[in-house]
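Please treat every number below as a calculation from the coordinates, not as lab data. The shown structure was predicted, so the numbers you read here are calculated from the model rather than taken from an experiment. Reconstructed Cβ throughout: ideal geometry from the backbone, glycine too, with neighbour counts over all protein chains shown.
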Amino acid sequence: MNTKANAFSKVPEVTVLFWVMKIMATTVGETGGDMVSMSMNLGYLVSTAIFAVVFLAAVVIQMRAKAFHPYIYWFTIIATTTVGTTLADFCDRSLGIGYAGGSSILLFLLMASLFTWYKTLGTVAVDSVSEPKSEVFYWVTIMFSQTLGTALGDWTADSEGMGYLGGATLFVILLAVVAGLYYWSKISHTILFWSAFILTRPLGAVLGDFLDKPLDHGGLNLSRYMATGILLLLILFCVRFFEHRAARKHH
């Protein structure tokens, strides 16, 4: 890892806690997105418009920050997951594109974003995210990955008939494979990072659906408000842990 770049990076160090928080953030994106679009009956289009404004505001605040701030960063991540949830649902369901079609289009957009980023700056490594141009590419790429993950999670759980637990098991296995390749292969760690980053989103999508969908649909039928609130509290606890650990490192 480029130590000099990492010292000025606007994104967190990639640790086990990072991945735990990423999965929780993607799960709360699913429950929170469904809470606004379904429980509040605002619909997918209006909910997407609301979350898009929140997402853009969060990105602006994140980019104006001079250094990495965990609260700002994770709020922006959650903003991408909620808008990704409602946007994917709007495209797949309201526009009738379908999960397979939506996943294919979003995968193309994601790969195009990464390709353009690499061609423009010569790297897509996260420790290089330290100035406005790389931050724009970073958040656009994340936006596409979060939206793709929602469509992909729904596709495996619903269209392919795997159910929520079956879909979660599939994505956990795929993440374990990526982790194995990280430790025991020579494949680029940057490629493996983005592979894992993308796969955590459909995992969060099916976990979120498992929490709040009705019992006869294979879910636990928890209140979307309760599930979202609990997950947000857990994320806040982890952010506090991040802060204390960073403080200890500087003393």
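Where in region 143-251 are there trypsin sites (Lys or Arg not before Pro) that are in a DSSP coil and have at most 15 other Cβ atoms within 10 angstrom of their Cβ?
Values: sites: Lys186, Arg224, Arg240, Arg245, Arg248, Lys249; in loops: Lys186.
For trypsin sites (Lys or Arg not before Pro) across region 143-251 that sit outside H, G, I, E and B with at most 15 neighbouring Cβ atoms in 10 Å, the list reads Lys186.
Each of Gly153, Phe242, Ser195 was placed along the dipole of the chain (beta-carbon charges, centred on the mean Cα), and the one lying farthest toward the positive end is Phe242. One Cα centroid belongs to region 3-81, the other to region 167-197; the line between them spans 22 Å. Looking at region 11-116, which trypsin sites (Lys or Arg not before Pro) are DSSP coil and have at most 16 other C-beta atoms within 10 Å of their C-beta? Passing sites in region 11-116 are Lys66. A simple charge model with +1 on the Cβ of Lys and Arg, -1 on the Cβ of Asp and Glu and nothing else charged puts the dipole of the chain at about 1040 debye relative to its Cα centre. Of the residues Leu211, Leu174, Leu233, the one with the fewest other Cβ atoms within 10 Å heads the list, and the complete ranking is Leu233, Leu174, Leu211. Placing unit charges on the Cβ atoms of the charged side chains and taking the dipole of region 3-249 about its Cα centre, the candidate lying farthest along the positive direction among Val60, Leu231, Gly180 is Val60.
Any chance you could run the full-extension gain for Met226 through Phe18? It's 0.36 nm times the residue separation minus the Cα-Cα distance, nm to one decimal. Please report the intermediate quantities before stating the final value.
On the way: separation 208, 0.36 × 208 = 74.88 nm, distance 2.34 nm.
72.5 nm is the gain from fully extending Met226 to Phe18.
Given just the C-alpha atoms of the chain, how large is their convex hull per residue in cubic angstrom?
123
Panel values: region 1-113, Kirkwood radius from alpha carbon pairs, Stokes-Einstein at 10 °C and 1.306 mPa s, translational diffusion coefficient 103 µm²/s. Within the chain, the whole DSSP H helices whose Cα atoms reach 18 Å or more along their own axis and whose mean Kyte-Doolittle score is at least 1.6 are 43-64, 163-184. For region 55-178, the Cα gyration tensor yields ellipsoid semi-axes of 28, 16, 15 Å (square root of five times each eigenvalue, largest first, whole Å).
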